[in-house]
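The values are calculated or read from the model by the stated rules, or taken from the named source; none is laboratory data. Bear in mind the structure is a predicted one, so any value in this text is a computation, not a measurement. Backbone-built Cβ (ideal geometry, glycine too); neighbour counts: all protein chains shown. Side chains included, ligands, DNA and RNA excluded: accessible areas come from the protein's heavy atoms. Shrake-Rupley method; radii C 1.70, N 1.55, O 1.52, S 1.80 Å.
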Amino acid sequence: MGEILGDILVGTCSWTDRALLGSGWYPAGRRDAEGRLRHYAERFPVVEVDASYYALPSERNSVLWAERTPDGFVFDVKAFSLLTGHPTRQAVMPDGLPAEHRDPAVLDAVWARFAAGVEPLRCAGRLGSVLFQFPPWFRPGERAETFLAQCAERTRGWPVAVEFRHPSWWEPGRAEATEALLARHGMAAVAVDMTQTLPSSVPPVTPVTSRRLSVVRFHGRSTAWGTGSKEDRFRHVYGEDELAEWLPRVRRLAERTEQVHVLFNNCCGDAAVRAAETMTRLLGDDGTVAGARVPRARSAPASPPSPGPRPTPARSSSSSRSRQAAD
C-alpha cells in the first residue's frame, strides 16, 4: 500500500499580470475580468493574489472571486506592503492615513481593512493562505521575532505562510531556530527556487513548520534578481530538468503536510503558466509521487485546510525600514 500524501496544488503568482495578459494565453472571448479568472480556474486549483500587496483587497472583489471559481479553488493572498514593512504609496492608503508602518493606530486601521477584505474568501473556504513576504532587510533578531509574534496574534486561526528574503534565516546553524520559531506560531515556511549565484540568494531548503500547509514559490533563476527591472528579474523559462529537481522535495513536503502549494512567480509573458502546466504534468507522470492528488485541468480541486476564526486586532509596530518593493 502506498503512503498517503497531502494534496499538491500547482498554480501561478498572478492571473492578471500585464505580461500574461499580453501573451495571448487567454483566448478570445475570455479576456474580461470574469472570463480570465474562470479560464484560469479551469486549469489550475490555486492562485496567488499579488495585487493585495500593492493595494488593500476589497470585500467586493473577494466575493466575486469566490463566485467565479469552482468549489475547492483557493487563493493565497499576499499581505499588504505596509503590514510587512515595505514601502507603501500614500495614494493607496485608506481614509487618508499616513503610510507609516511604525504608527500603531495606522497599523490597527490597515489590519482591520485587510481582514475585512479577505473575509469573504475565508468564509467561503477559499483562503488558501495569507503570505507574509518579508523584505531583504528583515533579519533574524529580537525585533524580528517580536514582529512575527505580533503578526501571529493578528492572524490567529488563519492559514499563514512566511517567506524570508534574507538568506541568514536559513543558514546552517540558524535554520533550526528559524524552523522552531515559525512552528511555534503555526506559520508555514515558504521554500523558494531562485538563482544560487548571488550573495542574497536564499537556499532551496524545504522545512515543514505547519501540519496543514507547505508553500513553494518559484521566482525564476535570473542573475538580475534584486537589481534589474521587473522583466529582468523574472525573465526565466523553466526547463523540465529544473522542475524535475523539485519532484522529490515536493513529495517529501506532501508526506508531512495536508496541502502543498506550488506557485510560479516567473511572471514574464506566459512563462509562469507554462511552467505550472509542465510541473502539473511531471507530478502526475512521476512515479515517485503516485498517490498525491494533483488536480488536472477542468477537474474539481482539493479542499483547502480549514480556516479558523477571524483574527482579533492587536497593536504592533514594524521593526524594519522600508527600502524597496517585493515581488
**OP:** For segment 1-102, report the accessible area per residue in Å² (1.4 Å probe, heavy atoms, rounded to an integer).
**Re:** 43
Original post:
For segment 41-98, max minus min Cα coordinate along each principal axis, in Å, sorted largest first?
Top reply: 40, 20, 13
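Once the other residues with Cβ under 12 Å from the Cβ of Trp25 are scored (Lys, Arg +1; Asp, Glu -1), what is the net sum?
Net charge in that neighbourhood comes out at +2.
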Subject >> Alpha-carbon centroid distance for the pair segment 176-213 / segment 42-116, whole angstrom >> reply: 23
Subject >> Residues in segment 161-179 that a label on Trp137 would reach, taking backbone N under 14 Å of a point 7 Å out along Cα→Cβ >> reply: 166
Original post:
Sequence-distant or interchain residues sharing an amide H contact under 5 Å with Ala161, placed H: which?
Top reply: Val130, Leu131, Phe132, Ala188
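Could you work out what % of the accessible surface of segment 150-217 is carbon and sulfur, using a 1.4 angstrom probe and leaving DNA, RNA and ligands out of the count?
It is 53 percent, rounded to a whole number.
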Original post:
Ranked highest first by the average count of other Cβ atoms within 10 Å around their residues, in what order do 246-252, 140-146, 79-85, 97-103 fall?
Top reply: 79-85, 246-252, 97-103, 140-146
Subject >> Inter-probe distance in nm under a simple model that places probes 7 Å from Cα toward Cβ, at Glu171 and Arg256 >> reply: 2.3
Subject >> Label zone at Asn61 (point 7 Å along Cα-to-Cβ), backbone N below 14 Å, segment 9-43 >> reply: 14-18, 33-34, 37
Original post:
Hey, how much of the P(r) for segment 1-151 falls beyond 25 Å, as a percent of Cα pairs?
Top reply: 38
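Kirkwood-based Rg over Rh for segment 17-58 (C-alpha set), two decimals?
Working: Rg = 11.2 Å, Rh = 11.5 Å.
Across segment 17-58, the Cα-based Rg/Rh ratio is 0.98.
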**OP:** Enumerate the calculated ³J(HN,Hα) couplings along segment 79-88 in order (Karplus 6.51 cos²θ - 1.76 cosθ + 1.60, θ = phi - 60°), each rounded to whole Hz, writing x wherever the residue is Gly or Pro.
**Re:** 4, 4, 3, 4, 7, 10, x, 8, x, 9
Subject >> Vicinal HN-Hα couplings computed from phi for segment 262-271 (Karplus, 6.51 cos²θ - 1.76 cosθ + 1.60; Hz; Gly/Pro x) >> reply: 10, 10, 9, 10, 7, 7, 10, x, 9, 4
